[in-house]
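Beneath this line is the structure, given in structure tokens, with notes to follow.
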Amino acid sequence: MSGAPNQWVRKFTVEFPCELTGVREACRQSRAELAAAGLGEEELGHWELILAEAGNNAVNYALGWQKHRPVRFEFFVDDQGVEARVQDHGPGFELPDQVELPPPDSEDGRGLFLIKTLSDEAVYYRGKGENWLVLKKKRQATGTPPVAVTTPPPPDDAGTQKLANSEATLDLMTEELASAYESLSTIFRFSAELADQPKPEEFARKWLGEVSKIVAADWFILRLLDEGEGLKLVASSEDLSVREVLSLDNAGEADVSLEMRAASFRMDVWFDALHPVAAVDPLAKLAAQGTGFSHPIVINDRLVGVLSVGRYLSDSVFQAGQVSLIQTFADFLGIQIRNAQFQQQQLQTKLTARELQIAADIQRSLLPKQLPHVPGFQLVGHYQSARQVGGDFYDVVETAEGGLLLAIADVMGKGVPAAMFAAIFRSQLRAAAERATSPATMLTWLNRSLFADLDQVEMFITAQLVYFSPRDRTIQLSAAGHPPLILAGNDGRLQAVENSGMPLGVLADTEYSERAVSLPPGANLLMFTDGLTEARDPEGKLLWLGPLEKCLAQAAKTGQRAEQTKEALIALVEAHQQGIPPGDDQTFLLLAEYRGDSRGKPPQL
Amino acid sequence: MRTEKIGPTLLVTDLPTLTSDNSRAFKEFVRGALEPAHTVVEVDLGAARSVDSNGLGALISIHKTLCGRGGRVRLLHPSPLINEMFQLLQLDKIFEIVPRPT
């Protein structure tokens, strides 16, 4: 208050339970005290109305446990005016500078207008655990001095009361700032750590533990929504034994479970001595004697999870600032966890892409850089990886006898594991080629060598080995579950040369057989994987063998260069696919007799 | 709180206050006493020491009920302070206010 030194100062407090009937009685008492302080009838009427509206707001805005805390009016009266402070423990509200009148037929919305209009100054401070509405109004000159002085001011100190008032106001503001600071600093520390914490669940557990200490909670339970399952337990304080999953489909559960109600109604659900949890509530053991609440975590209108926090004793309620910190933290945590999950997905996508890249690199490294030159023959290979890299590869090994070992294989599976097995197969094949020239012996040995590893991961390999003797113009063929090779002569006749056996990795003691075939004049020999014959057009129709055989027969008849035949085969497959990417690796190895240019350079890959 | 039925008028008397603690009871009491023939509700505020925004809300609610049947609410003899509040809130435009006899 400003002005002349105080002559009559009266300080008094009126406290009342947080209910509307309490407001009425408190207004009566306040009016009587203010009358004793010498206020006139009109002033008393105004103050009674201001206090009634302020008290109504304090009661109406309180939620849950906040209704158990009393509302308090504090008065400071001097000869210049009256300052009233209304303390509430609710979540608080915004008091705008200008309050507009509602439409005439509106049944509410006039309380703040009356407070603002009838007082000279009205300021609302939202603090930690409590809020204060500070109201000031000058006294009218007609008021009479009070007879009794209950609290005399310190003598000859006009500024003391003013100082005390300012101090109290500053205290309120400091409280509010401290509360905000505590929340903010916790969140900042929490954000800083999030960057180093790869697992959101561990992070949530640790920080909910920290927040529990700050707000003096005895326990917490965080559940996050798992679309397939329901509300899944993610983190809880130590030694809690609670159900892992609350199903959202269980309508009965929503009736009894605090957490499910919070999730369903998207609002905080409180429990305390007056509002106990149901005996069948999954939280019953924790919350039976205590107090606390379940808070739904909602981000962009989507339920993310539910955080429940509690104390074991019901007489120890959370203060508004503590509740605010828990709510703020929970919402922030929800955003962070969602972001972390999103990043995890992104990372997974990147990892998958990287894995595919690695697999493709392995595949490429397996292919021979250059194929051996055989006089009178041309040898070309082709490998086209699918989007999901498989385990196709081919190889050609020169043997000590002057022959060639032609190999083509398809490891069943995708990605790095398939590529790894292709790499193992290749090194084992080269080792086998040094020991034997019989393809059947090699396959038998390769199967024994690879069986244990393939069997363990439930993978298998189809392979075809051909020993080609240029001197004898013969081939010896052995195959392990692989498609037959196609052989065409310059008369256009075709034969599918087959020698079936179990794929490698299926039976440990498989003995493979082989067959020998003489090459016809102008021979064109095509070894391939099923990715070639099973190339699909946009409607899903397979290419099959026919067009490939026709192409090969034509090549043999015309005696075209192997490189041209390779381009023709690739063009054939691409024309069939009509631009859609291959679903499987496409690999082939082509041996073509070429008499047109016996000086021909060895074809390059 | 008492009501008296005078032809098309329902008169409500003995209201010491019309505030948050009794506004809901007041509204229900009046609605309960209203008969189809009533087109005017007279609320005697002569004895009312205080009326707050909740009490006003109750009066406006009854006013709307009566508007629906072409009727109105008439407020009798409010104290100068209560009258001042009606004017401040511009409710004198929707209620017919009969001042206290001087």
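The values are calculated or read from the model by the stated rules, or taken from the named source; none is laboratory data. No experiment lies behind these values; they were computed from the predicted model shown. As a convention, Cβ positions derive from the backbone with ideal geometry for all residues, glycine included, and neighbour counts pool all protein chains shown. Just so you know, the surface numbers come from the protein's heavy atoms only, side chains and all, with ligands and any DNA or RNA stripped out. Shrake-Rupley method; radii C 1.70, N 1.55, O 1.52, S 1.80 Å.
May I ask you to list the residues in region A:88-106 that are assigned to a loop (DSSP other than H, G, I, E, B), modelled with pLDDT of 85 or more and either of a type in the set (D, E, K, R) or at positive phi (or both)?
Scanning region A:88-106 gives a single hit, A:100.
If I filter region A:385-393 for residues that are open to solvent by less than 60 Å² (accessible area, probe 1.4 Å), at pLDDT below 90 and over 21 Å from residue A:535 (Cα atoms), do I get at least one hit? Break it down into steps so the answer makes sense when it comes.
Looking only at region A:385-393, we keep the residues that are open to solvent by less than 60 Å² (accessible area, probe 1.4 Å), and these are A:385-386, A:389-393.
Keeping just the survivors that are at pLDDT below 90 gives A:385-386, A:389-393.
In the following step, the residues that additionally are over 21 Å from residue A:535 (Cα atoms) were identified as none.
No - not one qualifying residue is present in region A:385-393.
Residues checked against (1) more than 10 Å from chain B (Cβ to nearest Cβ); (2) at negative phi; (3) out of contact with any Gly (no Cβ under 8 Å at 6 or more places or on another chain):
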{"residue": "A:34", "(1), (2), (3)": "yes, yes, yes"}
{"residue": "A:41", "(1), (2), (3)": "no, yes, yes"}
{"residue": "A:63", "(1), (2), (3)": "yes, yes, no"}
{"residue": "A:69", "(1), (2), (3)": "yes, yes, yes"}
{"residue": "A:78", "(1), (2), (3)": "yes, yes, yes"}
{"residue": "A:83", "(1), (2), (3)": "yes, yes, yes"}
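Looking at A:469, A:478, which one is in the same structural domain as residue A:550 (by TED's automatic domain parsing), in contact (Cβ under 8 Å) with a residue 60 or more places away in the chain and either on the phi < 0 side of the Ramachandran plot or open to solvent by 30 Å² or more (accessible area, probe 1.4 Å) (or both)?
Going through A:469, A:478 in turn, the sole match is A:469.
I'd like to know if region B:72-80 contains one or more residues that are within 11 Å of another protein chain (Cβ to nearest Cβ) and open to solvent by less than 40 Å² (accessible area, probe 1.4 Å).
Yes: region B:72-80 contains one or more residues that are within 11 Å of another protein chain (Cβ to nearest Cβ) and open to solvent by less than 40 Å² (accessible area, probe 1.4 Å).
Every residue in region A:235-276 that is among the β-branched types (Val, Ile, Thr) and either at pLDDT below 85 or open to solvent by 40 Å² or more (accessible area, probe 1.4 Å) (or both), please.
Within region A:235-276, A:242, A:245, A:256 qualify.
If a residue must be within 8 Å of the chain's Cα centre (by Cα) and open to solvent by 90 Å² or more (accessible area, probe 1.4 Å), how many such residues does region A:336-351 contain?
Within region A:336-351, residues that are within 8 Å of the chain's Cα centre (by Cα) and open to solvent by 90 Å² or more (accessible area, probe 1.4 Å) number 4.
Return yes or no: is residue A:266 within 16 Å of residue A:221 (Cα to Cα) and either in contact with an Asp or Glu (Cβ under 9 Å, 6 or more places away or on another chain) or in the same structural domain as residue A:215 (by TED's automatic domain parsing) (or both)? It would help to see each step written out before you state the result.
Values: within 16 Å of residue A:221 (Cα to Cα): no; either in contact with an Asp or Glu (Cβ under 9 Å, 6 or more places away or on another chain) or in the same structural domain as residue A:215 (by TED's automatic domain parsing) (or both): yes.
The answer is no for residue A:266.
What residue, of A:55, A:90, A:45, is open to solvent by less than 10 Å² (accessible area, probe 1.4 Å) and within 9 Å of chain B (Cβ to nearest Cβ)?
Checking each option against the conditions leaves just A:55.
Of everything in region A:32-76, what is assigned to a helix (DSSP H, G or I), touching a helix residue (DSSP H, G or I) at 6+ places or on another chain (Cβ under 7 Å) and more than 18 Å from residue B:52 (Cβ to Cβ)? Give them in sequence order. So that I can check it myself, show each step before the final result.
We begin by selecting, within region A:32-76, every residue assigned to a helix (DSSP H, G or I); these are A:32-36, A:41-61, A:64-68.
After this cut, where a residue has to be touching a helix residue (DSSP H, G or I) at 6+ places or on another chain (Cβ under 7 Å) as well, the list is A:34-35, A:42, A:44-57, A:59, A:66.
If the condition is that a residue be assigned to a helix (DSSP H, G or I), touching a helix residue (DSSP H, G or I) at 6+ places or on another chain (Cβ under 7 Å) and more than 18 Å from residue B:52 (Cβ to Cβ), then A:35, A:66 are the ones that fit.
Looking for something within 14 Å of another protein chain (Cβ to nearest Cβ), under 20 Å from residue A:20 (Cβ atoms), open to solvent by 10 Å² or more (accessible area, probe 1.4 Å) and part of a helix (DSSP H, G or I) - is there at least one such residue anywhere in region B:39-62?
Yes, the conditions are met somewhere in region B:39-62.
Since residue B:86 meets every condition but one in (1) more than 25 Å from residue A:47 (Cα to Cα); (2) more than 9 Å from chain A (Cβ to nearest Cβ), which condition does it not meet?
(1)
Among the candidates A:112, A:101, single out the residue that is within 14 Å of another protein chain (Cβ to nearest Cβ) and under 45 Å from the mean Cα position of the chain (by Cα). Don't jump to the end; show me each part of the working.
On the way: A:101 fails: under 45 Å from the mean Cα position of the chain (by Cα).
After ruling out the rest, the residue left standing is A:112.
Only one of A:378, A:363 is part of a helix (DSSP H, G or I) and closer than 28 Å to residue A:484 by Cβ; which?
Unique residue meeting the criteria: A:363.
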